[in-house]
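S.K.: To start, I am sharing the structure in question, which I have written as structure tokens.
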Amino acid sequence: MAVAARKGRATASPLASSPMAITTTARPGFLGSWLGRIPLPKWALIALAVAAAVLLLLFLVCIIRCCCCKKQPKKKERVSLHAVSSSTTASLVQPEMEDLEQGTEQTGRGKLQYSLEYNFRAQELKVGVKQAAELKAMDSGGTSDPYVIVYLTSDTKKKYETKVYRKTLNPIFNESFTFLVSQAEVPESTLVMQIYDFNRFAKHDIIGEVRLPLTSVNLQHVIEQWSDLVAASKVEEEQLGDICFSLRYVPSTGKLMVLILEATKLKRMDSHGLSDPFVKVHLILNRKKWKKKMTSVKKNTLSPYFNEMFVFEVPFSQIQNVDMVISVWDHDKVTKNEPIGKLFLGCRATGNQLRHWSDMLSNPRRPLAQWHSLQPPDVVDKALGLKSHLKLPLPPR
């Protein structure tokens with residue numbers, strides 16, 4: 001039995017020391033078995049691991065950088081603007097620059113002190129131009145040569161000017177001007193005070209203006225106040241007045257009847273603030289003056305009442321070629337009569353004038369009255385394009 005035991009130990013010892021016994025007792029890990037299956041050397045696996053780590057690091061850096069850029073867009077934009085050209089910078093910040101310019105136009109032109117006093121008995125408005133302060137510099141030396149123009153929108157022909165003060169942004173004027181304004185005209189008038197920079201050899205530049213509608217002012221008391229200058233508005237269209245007349249045409253007899261009724265709010269032409277208006281009615285045939293009639297003169301009024309009828313003989317065959325010109329004039333005994341305003345009707349007219357003429361032709365024998373606004377005489381004359389001033393005989397009927 002000893003011999004058999006020794007034989008058993010002798011046969012068992014070689015099995016215990018063999019490799020087969022080691023593999024069965026030492027179980028490998030998951031990572032080791034997975035790497036063992038890759039047919040690559042150890043150094044190649046290490047290189048791949050390093051490359052993957054580098055790519056992951058770069059990806060994280062990109063994410064962090066994008067998040068930082070989104071959090072600070074304004075700071076990045078401010079920095080980038082210093083490196084681009086001036087034209088590009090202007091285009092990038094143009095909306096903000098426009099806002100700044102509008103603010104400068106309202107507050108960066110200075111301010112004006114003035115006074116208002118209305119005399120109800122004499123119907124006079126006394127405007128005192130006191131002083132200006134913090135005016136915008138218009139000259140290269142950082143100063144200006146300011147002066148003030150004062151007028152009312154109801155009578156733009158009458159304007160006053162102060163003296164020119166050299167090289168100052170804070171001039172003291174202390175000048176006053178008087179306007180004739182009736183109580184009825186006060187609500188329709190606006191006081192305009194414009195400050196200009198005087199230039200001897202160039203056009204005078206406007207610094208700013210103050211517009212004060214008189215309807216918003218309590219003229220029961222003397223007013224003295226400061227107002228900020230603003231950018232000058234576009235020149236308002238001069239109001240010449242309105243006129244009302246009636247038209248009637250009878251095709252069977254060829255009679256064109258014009259009834260001049262009244263006019264209102266005419267432009268003041270005389271020094272005392274009124275006019276001596278009368279109306280001319282011209283017929284133009286084929287762009288040449290043909291017939292003319294006129295009303296009586298109404299003295300010292302801006303709202304004359306005429307109620308005068310004129311009858312013209314115009315054959316139906318010629319009515320399509322006729323233009324009728326209505327003009328209001330200011331009569332003057334000493335000098336030449338001055339036109340206040342004009343308008344013309346006919347097939348070449350436009351707007352209300354064309355509509356009135358068309359309604360007359362569409363409603364024969366029926367008088368049709370309508371109000372019209374007067375237009376500048378030169379504008380009407382240019383639109384008519386008259387050939388000559390010769391009168392033509394009446395075409396044969």
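S.K.: When you scan segment 161-173, do you find a residue that is closer than 27 Å to residue 264 by Cβ and of a type in the set (A, V, I, L, M, F, W, C), even just one?
M.R.: Looking through segment 161-173, none of the residues is closer than 27 Å to residue 264 by Cβ and of a type in the set (A, V, I, L, M, F, W, C).
S.K.: Sort out which residues of segment 362-375 are open to solvent by 60 Å² or more (accessible area, probe 1.4 Å) and either assigned to a loop (DSSP other than H, G, I, E, B) or hydrophobic (A, V, I, L, M, F, W, C) (or both), and write them in order of number.
M.R.: Selection gives 365, 366, 367, 369, 371.
S.K.: Please go through segment 124-146 and pick out each residue that is open to solvent by 30 Å² or more (accessible area, probe 1.4 Å), farther than 12 Å from residue 112 by Cα and not in a loop (DSSP other than H, G, I, E, B).
M.R.: 124, 126, listed by residue number.
S.K.: Tell me which residues, restricted to segment 305-336, are loosely packed, with under 15 Cβ neighbours inside 10 Å, modelled with pLDDT of 90 or more and more than 19 Å from residue 250 (Cβ to Cβ).
M.R.: Correct list: 305, 307.
S.K.: Just for segment 147-159: of the residues that are more than 23 Å from the chain's Cα centre (by Cα) and at pLDDT below 90, which one is surrounded by the most Cβ atoms within 10 Å (Cβ to Cβ)?
M.R.: Taking the candidates together, the pick is 155.
S.K.: Applying the selection to segment 261-297, what residues are touching a residue at least 60 places away in the same chain (Cβ under 8 Å) and either outside any loop (DSSP other than H, G, I, E, B) or among the aromatic types (Phe, Trp, Tyr) (or both)?
M.R.: Hits for segment 261-297 are 261, 263, 277, 284, 285, 288, 289, 290, 291.
S.K.: Let me ask something additional. Among the numbered criteria (1) among the hydroxyl-bearing types (Ser, Thr, Tyr); (2) under 30 Å from residue 357 (Cβ atoms); (3) outside any strand (DSSP E or B), which one does residue 233 miss?
M.R.: Unmet for residue 233, out of (1) among the hydroxyl-bearing types (Ser, Thr, Tyr); (2) under 30 Å from residue 357 (Cβ atoms); (3) outside any strand (DSSP E or B): (2).
S.K.: Of the residues 302, 374, 368, which single one is touching a Leu at 6+ places or on another chain (Cβ under 6 Å) and more than 22 Å from residue 269 (Cα to Cα)?
M.R.: 368
The values are calculated or read from the model by the stated rules, or taken from the named source; none is laboratory data. A quick note: this is a predicted structure, and the numbers were derived from the prediction, not measured. Don't worry about glycine lacking a Cβ; one is built from the backbone with ideal geometry, like all the others, and counts go over all protein chains shown. Note: accessible area is taken over every heavy atom of the protein model, side chains too, but ligands, DNA and RNA are not part of it. Shrake-Rupley method; radii C 1.70, N 1.55, O 1.52, S 1.80 Å.
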